[in-house]
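> Can you keep this structure in mind? I'll have questions shortly.
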Amino acid sequence: MQIDQHSTARFSISSSALISFLCITFFITWGLIGVYILAPEMAAAIFGEISGSHPFFFLATWSPAIAAFVILFIYSGLSGIRTFLSRLLLWRCSLGWAAFILLFLPLVFVAGSLIKGGPVLAPLPPEGAGPVMAVLFMMLMLGPMEEFGWRGVMQPLLQRHMAPIWAGLIIGATWGLWHLPAFFLSSTVYADWNFLPFFIGNVTLAVLVTPIFNSARGSLLWPMLFHWQLINPFWPDAQPWDTIILVGVAVIVVWWNRRTMFTREGAATEVIPGATAAIPKAVE
């Protein structure tokens, strides 16, 4: 029993690791995108024009995941990473939250599009649904990968010290700020968007996914599915109504879950399952 306790304690991630996680995340994304902002002609000549399919764009998108795995390797090695990845297998979630992700989120985009006079679904290209399906699976390797960092590392570390509502707000603000350089790139979709509504949307979404994350005991699977729905190419453009609707929904969700959102009761605080609980024993 003693060996198991010390073994799990060895895999614990210090709360101070959050600083390193944020530094690595912003250094990669802001560094890569910053080159194209500060010296666009030189960057394009050396590395090629930046776009949504450029390797740098993928690296910039993956930076929260890269930072998470760097931190995990430093603190716990490959064994800790394997245990961390077991959080992908935490599939148990209430039917209500599953329906929220799989059914309600698409309806938000449909409703927002209809309000602005748009279509029920995004128009298909002349080639049909095939290319859209390809984009859908490519998206699985983009946005959802961020969750290894935001929900995998940052949320548990913050929730050790504050109620989930504040953790969600901080992550949302960080997430929004992290995207900022992309708004200065004319070759990406962000260039046509307004940053403030986008920032508000990021904060709203981070708050919305928080009770789902905690209800599923720190699962990475459900936040990834949540993120995937947000960038599903089949859903129509619903801006700004999707954000307006989700802000209202977030207020209702926070009020309905106020007991768990404003206290640390039931909050997931383990980066590596089984590690945090053993820390007091190790210190003694």
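> Extension gain LEU180-ARG217, at 0.36 nm per residue separation less the Cα-Cα distance, in nm?
Working: separation 37, 0.36 × 37 = 13.32 nm, distance 3.09 nm.
Gain on extension, LEU180 to ARG217, equals 10.2 nm.
> When you have a sec, figure out the Kirkwood radius of segment 50-102 from all distinct Cα pair distances and drop it here in Å to one decimal?
Hydrodynamic radius (Kirkwood, Cα only) of segment 50-102 equals 13.7 Å.
> For helix 55-85, report the angle its Cα long axis makes with the longest principal axis of the Cα atoms of the chain; keep it between 0 and 90° and round to the nearest 10°.
20 degrees
> Tell me which residues come under 5 Å, amide H to amide H, from ALA122 once H is placed; ignore anything under 5 positions away on its chain.
Here TRP235 satisfy the definition.
> Moving on. Quick one: what are the phi-derived ³J(HN,Hα) couplings along segment 138-143, Karplus 6.51/-1.76/1.60 with θ = phi - 60°, whole Hz, x for glycine and proline?
5, 4, 4, 8, 10, x
> A further question follows. Using a 1.4 Å probe on the protein chains only, how many percent of the accessible area of segment 145-219 belongs to carbon and sulfur?
Of the solvent-accessible surface of segment 145-219, carbon and sulfur hold 69 percent.
> Can you give me the long-range amide H partners of ALA238? Hydrogens built in the peptide plane at 1.01 Å from N, cutoff under 5 Å, separation of 5 or more residues or another chain.
Close amide H contacts, sequence-distant or interchain: none at all.
> Okay, next question. Could you work out the local net charge near PRO240, counting Lys and Arg as +1, Asp and Glu as -1, over the other residues with Cβ closer than 14 Å to its Cβ?
Neighbour charge sum, excluding PRO240 itself: -2.
> At a threshold of 8 angstrom on Cα-Cα distance, excluding pairs fewer than six apart, so keeping six or more, what relative contact order does the chain reach in percent?
Over the chain, the number comes to 32 percent.
> For segment 1-132, what is the largest minus smallest coordinate of the Cα atoms on each principal axis, given in angstrom and ordered from greatest to least?
Here the Cα extents, ordered largest to smallest, are 63, 51, 26 Å.
> Peptides 160-167, 209-216, 195-202: what's the order by average Cβ count within 10 Å, highest mean first?
209-216, 160-167, 195-202
> Using the basic label-point model (7 angstrom from Cα toward the beta carbon), what is the ILE19 to MET162 distance in nanometres?
Going by the 7 Å Cα→Cβ label model, 1.7 nm.
> Normalised by the residues of segment 187-276, what does the relative contact order come to in percent, with Cα pairs under 8 Å and at least six apart?
Relative contact order here is 39 percent.
> Would you calculate, for the chain, the mean residue ellipticity at 222 nm contributed by helices, counting each DSSP H stretch of 4 or more residues as -39,500 (n - 2.57) and dividing by all residues, to the nearest 500?
The helix-only estimate for the chain comes to -19500 deg cm²/dmol at 222 nm.
> Relative contact order for segment 79-199: what percent, with Cα pairs under 8 Å and sequence separation of 6 or more?
10 percent
> Run the numbers for LEU196 and PHE58: contour at 0.36 nm per residue of separation, minus the present Cα-Cα distance, in nm.
47.3 nm
> Would you mind getting me the FRET efficiency between LEU102 and GLU49? Use the beta-carbon distance for r and R0 = 41 Å, nearest 0.05.
Given R0 = 41 Å and the Cβ-Cβ separation, E is 0.65.
> At 7 Å along Cα-to-Cβ for each site, give me the label-to-label distance between MET42 and VAL249 in nm.
4.5 nm
> Sticking with this structure for a sec: Just to confirm the number: angle between the C-alpha axis of helix 195-215 and the first principal axis of the chain, 0 to 90 degrees, nearest 10?
For 195-215 against the chain, the angle is about 40 degrees.
> Once the other residues with Cβ under 14 Å from the Cβ of TRP222 are scored (Lys, Arg +1; Asp, Glu -1), what is the net sum?
For residues surrounding TRP222, the net value is +3.
> Hey, can you find the accessible area per residue of segment 57-199 for me, probe 1.4 Å, expressed in square angstrom?
Values: 6650 Å² over 143 residues.
Per residue, segment 57-199 has an accessible area of 47 Å².
> Same structure again: For LEU90, enumerate residues with amide H under 5 Å from its amide H, sequence gap 5+ or separate chain, H modeled in the peptide plane.
Hits under the 5 Å cutoff: LEU220, LEU221.
> While we're looking at this one, here's another question. Which angle from 0 to 90°, rounded to the nearest 10, does the C-alpha axis of helix 241-256 make with the longest principal axis of the chain?
So the inclination is approximately 20 degrees.
The values are calculated or read from the model by the stated rules, or taken from the named source; none is laboratory data. Given the structure is predicted, the values throughout are model-derived calculations rather than measurements. Quick reminder, even Gly has a Cβ in these numbers, built from the backbone with ideal geometry, and neighbours come from all protein chains shown. Only protein heavy atoms, including side chains, enter the accessible area calculation; ligands, DNA and RNA are left aside. Shrake-Rupley method; radii C 1.70, N 1.55, O 1.52, S 1.80 Å.
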